[in-house]
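A short reminder: the numbers here are calculations on the coordinates, not readings from a lab. Predicted, not measured: the structure shown is a model, and the values here were computed from it. No Cβ is skipped: glycine too gets one built from the backbone with ideal geometry, and neighbour counts run over all protein chains shown.
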Amino acid sequence: MNTKTFHLIDHPLVQHKLTIMRNKNTASKDFRSLLDEISLLMGYELTRDLPLEDTVVETPIQKATCKKLAGKKLAVVPILRAGLGMVDGLLRLVPSARVGHIGLYRDPKTHLPVEYYCKMPPDIEKRLVIVCDPMLATGGSSSDAIGMVKKRGAKHIKLMCLVAAPEGVEKIQRDHPDVEIYAAALDERLNENAYIVPGLGDAGDRIFGTK
Ligand code: PRP
Ligand code: URA
């Protein structure tokens with residue numbers, strides 16, 4: 001695994017909240033709000049290198065040259081369903097971001113992603129695109145999602161996940177070496193059902209209370 005494009009967010013608040021999410025007794029309501037809080041905290045790290053430009057403002061005292069974000073703003077692109085749980089936290093940081101959606105589900109037998117929806121905002125090629133999904137397991141879903149946004153013109157993409165398996169990180173690094181990956185945990189491995197071990201179970205089911 002190449003550590004150059006993999007960033008572990010080891011902030012204590014993120015780690016503490018993730019531990020509560022992993023607990024099988026944590027209710028959907030709490031799971032959802034913790035994912036929302038972590039997404040905001042991770043988003044702070046993800047946006048650390050956004051480019052700035054000078055702008056002149058008139059303060060009550062005098063004119064001052066200050067900084068503002070340069071160029072087009074972000075696009076947040078959740079992978080349905082579980083990625084939806086990361087959108088609001090990111091939008092609280094960058095309220096002007098546009099939101100695209102990618103519908104993918106993992107076939108329960110083959111574990112391969114099946115595409116069912118894609119809608120992107122305009123000018124995607126000029127935006128930093130944050131593809132988000134809490135789980136990077138085999139990496140099939142995130143790799144396909146990144147391929148879909150690239151096909152529509154995106155040039156600058158970051159992947160934000162919560163829990164990653166080594167297999168998933170390696171797949172993204174193989175398929176998309178230009179994409180920076182951010183995760184709150186790098187877990188041990190995948191089990192025979194391609195679930196992350198120890199992981200936190202099925203993220204979509206835990207967010208939405210389905211089974
Ligand atoms: C989960 C998860 C990822 C994918 C990860 O979604 O949210 O999208 O699996 O697995 P992979 O890295 O092996 O592709 P799922 O297919 O369960 O769909 P859902 O969010 O609609 O429940
Ligand atoms: N999808 C999930 O929601 N959890 C896993 O551990 C793997 C895929």
- Task: Report, to the nearest 10°, how far helix 166-175 tilts away from the longest principal axis of the Cα atoms in the chain, using its own Cα long axis and a range of 0 to 90°.
- Result: 60
- With N residues in segment 151-193, what two-decimal value do you get for its Cα radius of gyration over 2.2 N^0.38 Å? 1.28
- Task: Quote the FRET efficiency, to the nearest 0.05, computed for Asn191 versus Lys4 with a Förster distance R0 of 22 Å and r equal to the Cβ-Cβ distance.
- Result: 0.20
- Amide H partners (placed H, <5 Å) of Val129, local residues excluded: Ala75, His156, Ile157, Lys158
- Message: Using 29 Å as the Cα-Cα cut-off, could you pick out the over-long pairs in Lys73/Lys211; Lys67/Lys126; Lys4/Lys211; Lys68/Lys155?
- Response: Lys73/Lys211; Lys4/Lys211
- Task: Let me know the shape class of segment 121-211, please: from the alpha-carbon gyration tensor, a ≥ b ≥ c as square roots of the eigenvalues, rounded when a/c is under 1.5, otherwise prolate if a/b is greater than b/c, or oblate.
- Result: prolate
- Spelling it out for Cys118: with amide H atoms placed in the peptide plane at 1.01 Å from N, the residues 5 or more places away or on another chain with amide H under 5 Å from its amide H are Gly103
- Query: Can you work out D for segment 1-111 in µm² s⁻¹ from Stokes-Einstein, where Rh is the Kirkwood radius over C-alpha pairs, the temperature is 20 °C and the viscosity is 1.002 mPa s?
  - Reply: 127
- DSSP beta bridges in the chain: the antiparallel percent, rounded to 5, is 40
- Query: When the helices in the chain are scored as -39500 (n - 2.57) per DSSP H run of 4 or longer and the sum is shared across all residues, what 222 nm value do you end up with, to the nearest 500 deg cm²/dmol?
  - Reply: -9500 deg cm²/dmol
- Item | Pairs of alpha carbons in the chain whose separation is greater than 25 Å (percent) | 36
- Item | Whole-Hz couplings from phi, Karplus 6.51/-1.76/1.60, listed for segment 107-119; x for Gly and Pro | 4, x, 8, 8, 6, 8, x, 10, 7, 9, 7, 7, 9
- Provide the net charge surrounding Asp54, with neighbours chosen by a C-beta distance below 15 Å and charges set as Lys +1, Arg +1, Asp -1, Glu -1. +1
- Message: Quick check: the angle from helix 140-151's long axis to the longest principal axis of the chain, C-alpha only, nearest 10 degrees?
- Response: 40
- Note on the structure: Rounded to the nearest Å, the spacing of the alpha-carbon centers of segment 158-178 and segment 60-137 is 16
- Whole-Hz Karplus couplings 3J(HN,Hα) for segment 27-44, θ = phi - 60° and coefficients 6.51, -1.76, 1.60, Gly and Pro as x, run 6, 3, 4, 6, 4, 4, 6, 5, 4, 4, 5, 5, 4, 5, 5, 5, x, 4
- Total formal charge among the other residues, if their Cβ is under 14 angstrom from that of Gly139, Lys/Arg +1 and Asp/Glu -1: -2
- Pop a pseudo-label 7 angstrom from the Cα along the beta-carbon direction at both Asp107 and Gln15 and give the gap in nm to one decimal. 4.0
- Item | Within-14-Å neighbourhood charge of Gly71 [Cβ basis; K, R +1; D, E -1] | +3
